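Chemist: Sharing a structure here in structure tokens format.
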Amino acid sequence: MTDYTQILYDVADNIATITINRPDKMNAFTNVMLKEMIDAFDRIDADDDVRAVVVTGAGDRAFCAGADLTPEGGGKPFASEDPVEDYSDLRVRDGGGKLTLRIFQCLKPVIAAVNGVAVGVGATMQLPMDIRLAADTARFGFVFARRGIAPDAAASWFLPHIVGRPLALEWCMTGRVFDADEALKGGLVRSLHKREELLEAAYAIAREIVENTAPVSIALTRQMLWQLPQGAHPMDTHRVDSRLIYNRAKSADAAEGVASFLEKRAPEYPDKVSSDMPDTFPWWDEPVYK
């Protein structure tokens, strides 16, 4: 899929930008948008030229105002039109969760530039993104209980990991919309910016990653920091990171990292995510070892 209708996709200076592009509908989420965003992240992982990702919304009003509840948006976005008796049926799967799990598995760092209203899936789709910046006029809301449904997009896993369980419970149980200052104080976003300065702030972080770090190291670091804290004991983490450190210490990237430091120059890392990931990756698919 290359001809997108509800997102914009652009790559420049090793940074991919995904823009949710339904500004006349406050960038409301649809099944078409879901498929297009998943396809974009597939392209990002397959493209070694992409070293970081920025996700934002088109226009000045919204990042994403939740699911489109109108017929134009696909009718009933929360449930299949076909009757399903077996809850293990794939048609039961939540669309927002399909997107967040795809972002969770991404091998490139993902930065959200929240330019306006972000409620419902517009809020939850940000949670597996690594760094979230917001316009000082942005608003957030986990409004599901006010719509008679439950939190989507695996938010009940992601949100407590980011802001802690007490605040996650408050935001989800009240379903209230809150401002950018509260999002900042709660740790949901890293920093607030004037709307016209937001994208440049996001790109500045992306450039810092692109210009100074090794792509394979970033891919491993991203998955280590998302996956390994869930282990039952620090030894689970030690087993994995020992293997990864041992592997990377022998790599061309490590040699370049040392050489560029000693020679006081910008690094030029040779290893690629598409071909040079350690043979132990992904470790979570491997048999348990001692």
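Chemist: Please give the charge dipole size of the stretch 213-285, origin at the Cα centre, charges +1 on K and R Cβ atoms and -1 on D and E Cβ atoms. Round to the nearest 20 debye.
Modeler: Details: 8 positive and 10 negative charges, 29 e Å.
The dipole of the stretch 213-285 has a size of about 140 debye.
Chemist: Compute the distance from the alpha-carbon center of the stretch 163-182 to that of the stretch 1-55, in whole Å.
Modeler: Comparing the Cα centres of the stretch 163-182 and the stretch 1-55, I get a distance of 28 Å.
Chemist: For Lys194, list the aspartates and glutamates whose Cα falls under 12 Å from its own Cα; do not include residues on the same chain fewer than 8 positions away.
Modeler: Counting by Cα, and skipping residues close in sequence, Lys194 has these aspartates and glutamates nearby: Asp60, Asp136.
Chemist: Rank-order 218-230, 102-114, 136-148 by packing density, defined as the average count of other C-beta atoms within 10 Å over each peptide's residues, highest first.
Modeler: Details: 218-230: 16.7, 102-114: 22.5, 136-148: 18.5.
Highest-to-lowest ranking by the protection proxy: 102-114, 136-148, 218-230.
Chemist: Taking H as built 1.01 Å from N, whose amide H comes closer than 5 Å to the amide H of Ala67, not counting residues under 5 places away?
Modeler: Amide H neighbours of Ala67: Phe29, Val121, Gly122.
Chemist: Right, another one. Give me the number: length gained by fully extending Asp181 to Ser260, i.e. 0.36 nm times residue separation minus the C-alpha to C-alpha distance, one decimal in nm.
Modeler: Numbers: separation 79, 0.36 × 79 = 28.44 nm, distance 4.07 nm.
The Asp181-Ser260 span can extend by a further 24.4 nm.
Chemist: Also, quick follow-up: GNM on the chain, C-alpha springs below 10 Å: top fluctuator among Gly97, Gly116, Gly57?
Modeler: Result for the chain, Cα springs under 10 Å: Gly97 fluctuates most.
Chemist: Give me the extension gain from His238 to Thr70: residue separation times 0.36 nm, minus the current Cα-Cα distance, reported in nm with one decimal. Walk me through the intermediate numbers first.
Modeler: Values: separation 168, 0.36 × 168 = 60.48 nm, distance 4.98 nm.
Extending this stretch completely gives an extra 55.5 nm.
Chemist: Then there's this: Between Ala52 and residues 5 or more places away or on another chain, which pairs have amide H atoms under 5 Å apart, with H built 1.01 Å from N, and which residues are they?
Modeler: Ala16
Chemist: Could you tell me the relative contact order of the chain? Use alpha-carbon pairs under 8 Å, at least six residues apart, and round to a whole percent. Working shown, then result.
Modeler: On the way: 499 pairs, mean separation 45.5, N = 290.
Worked out over the chain, it gives 16 percent.
Chemist: When ranked by the protection proxy of mean other Cβ atoms within 10 Å per residue, highest first, what sequence do the peptides 181-188, 33-40, 201-208 form?
Modeler: On the way: 181-188: 16.8, 33-40: 20.4, 201-208: 18.2.
Put in order of decreasing packing, that is 33-40, 201-208, 181-188.
Chemist: Counting DSSP beta bridges with both partners in the stretch 1-147, what percentage is antiparallel, nearest 5?
Modeler: Values: 6 of 25 bridges.
Approximately 25 percent, going by the DSSP bridge assignments.
Chemist: Here's something else I'd like to know. Please list, in chain and number order, the residues 5+ apart from Ser191 or on another chain whose amide H is under 5 Å from its amide H, with Hs placed from the backbone.
Modeler: Correct list: Ala134.
Chemist: Rounded to the nearest 5, what % of the DSSP beta bridges within the chain are antiparallel ones? Please list the in-between numbers first.
Modeler: Working: 9 of 31 bridges.
If we restrict to bridges inside the chain, about 30 percent are antiparallel.
Chemist: Treating only the Cβ of Lys, Arg, Asp and Glu as charged (+1, +1, -1, -1), what charge dipole size does the stretch 121-207 show about its Cα centre? Round to the nearest 20 debye.
Modeler: Values: 11 positive and 10 negative charges, 39 e Å.
The dipole magnitude comes to about 180 debye.
Chemist: So what are the ³J(HN,Hα) numbers for the stretch 159-167, from phi and the Karplus equation (6.51, -1.76, 1.60; θ = phi - 60°), rounded to whole Hz, Gly and Pro as x?
Modeler: Ordered by residue, 3J(HN,Hα) equals 4, x, 5, 8, 10, x, 5, x, 6 Hz.
Chemist: May I ask you to evaluate 6.51 cos²θ - 1.76 cosθ + 1.60, the Karplus curve with θ = phi - 60°, for each residue of the stretch 64-69 and list the ³J(HN,Hα) values in order in whole Hz, giving x for glycine and proline?
Modeler: Running phi through 6.51 cos²θ - 1.76 cosθ + 1.60 with θ = phi - 60° gives 6, 8, x, 5, 6, 8 Hz.
Chemist: Can you compute 3J(HN,Hα) from phi for each residue in the stretch 263-272, using the Karplus curve 6.51 cos²θ - 1.76 cosθ + 1.60 with θ = phi - 60°, rounded to whole Hz and x for Gly and Pro?
Modeler: Working through the residues one at a time gives 8, 6, 9, 5, x, 10, 6, x, 6, 10 Hz.
Chemist: Checking the a/c ratio against 1.5 first, then a/b against b/c, what shape does the Cα gyration tensor give for the stretch 152-290?
Modeler: Details: a/c = 3.01, a/b = 1.36, b/c = 2.21.
Oblate, since a/c reaches 1.5 and b/c is not below a/b.
Chemist: Still on this structure, please answer the following. Return the FRET efficiency for the residue pair Glu197, Glu85: r is the Cβ-Cβ distance, R0 is 45 Å, and the value is rounded to the nearest 0.05. Could you put the intermediate results ahead of the total?
Modeler: Numbers: r = 52 Å, r/R0 = 1.16.
Efficiency for this residue pair is about 0.30.
Chemist: List the GluC sites (Glu not before Pro) in the stretch 214-269 that DSSP assigns to loop (not H, G, I, E or B) and whose Cβ has at most 11 other Cβ atoms within 10 Å. Which are they?
Modeler: Working: sites: Glu256, Glu263, Glu268; in loops: Glu263, Glu268.
Within the stretch 214-269, the qualifying GluC sites (Glu not before Pro) (loop, at most 11 other Cβ atoms within 10 Å) are Glu263, Glu268.
Chemist: How far, in nm, would the chain grow between Lys272 and Tyr246 when pulled straight, counting 0.36 nm per residue and subtracting the alpha carbon separation? Don't skip to the answer; put the middle values down first.
Modeler: Details: separation 26, 0.36 × 26 = 9.36 nm, distance 1.78 nm.
Value of the extension gain: 7.6 nm.
Bear in mind these aren't lab numbers, they're just calculated from the coordinates by the rules spelled out. Because the structure is predicted, anything quoted here is derived from the model rather than measured. Ideal geometry is used to build each Cβ from the backbone, glycine not excepted, and the neighbour counts take in all protein chains shown.
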